[in-house]
Every structure is written in C-alpha cells, then in structure tokens.
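These notes concern the structure reproduced below.
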C-alpha cells in the first residue's frame with residue numbers, strides 16, 4: 001500500500017471520529033480542544049503529503065505550521081470567549 005493511500009485512510013478515519021463526536025452531541029471545552037487538535041493533525045497531514053511540503057525546507061513547513069496553529073488558536077479563543085459569556 002502506498003504511503004498516500006495510508007494517509008488518505010487515516011484522514012477518513014479522523015473525519016469519522018469528528019463526525020461521531022458531532023453526532024453524539026458532545027460539547028464543552030475539552031471536546032472543542034480535541035476537535036481542534038484533530039483538525040490540526042489532519043491539516044498537517046494534507047500539507048505534508050498532498051501539498052508536498054514534506055520535502056521542502058524547514059522554513060516553508062514552519063510557515064505553514066505556524067499558520068495552522070494561529071488559525072486553530074483563533075478559533076479556540078473565539079469559542080472560549082463565546083463560552084464565557
């Protein structure tokens with residue numbers, strides 16, 4: 001089995017996990033943190049294997065990783081601010 005096929009199957013499995021969490025109606029800060037972590041892992045896998053960043057210099061991987069962390073962090077802060085009120 002090719003590595004991209006394994007990554008694709010892992011992405012499908014992680015999507016199934018997030019779907020299951022959503023269908024179960026779970027909520028709270030821990031669940032949101034878990035979903036954001038899964039989204040971060042999925043986006044890193046897509047960037048690394050399907051966008052080809054795995055074979056680029058560290059600078060490009062750091063830029064993309066930093067971007068993903070900032071976006072997930074902003075989503076987390078927005079959720080936290082909404083949950084506090």
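Identify all residues within the stretch 19-48 that are within 12 Å of the chain's Cα centre (by Cα) and either under 21 Å from residue 61 (Cα atoms) or modelled with pLDDT of 95 or more (or both); write none if there are none. Full working, then the answer.
So the first thing to find is which residues in the stretch 19-48 are within 12 Å of the chain's Cα centre (by Cα), and the list is 32-47.
Selection gives 36, 37, 38, 39, 40, 41, 42, 43, 44, 45, 46, 47.
Within the stretch 45-77, the set of residues being outside any helix (DSSP H, G or I) and closer than 17 Å to residue 10 by Cβ comprises 51 only.
The values are calculated or read from the model by the stated rules, or taken from the named source; none is laboratory data. Treat the numbers as computed from the prediction; the structure is a model and nothing was measured. We place every Cβ from the backbone using ideal geometry, glycine too, and count neighbours over all the protein chains shown.
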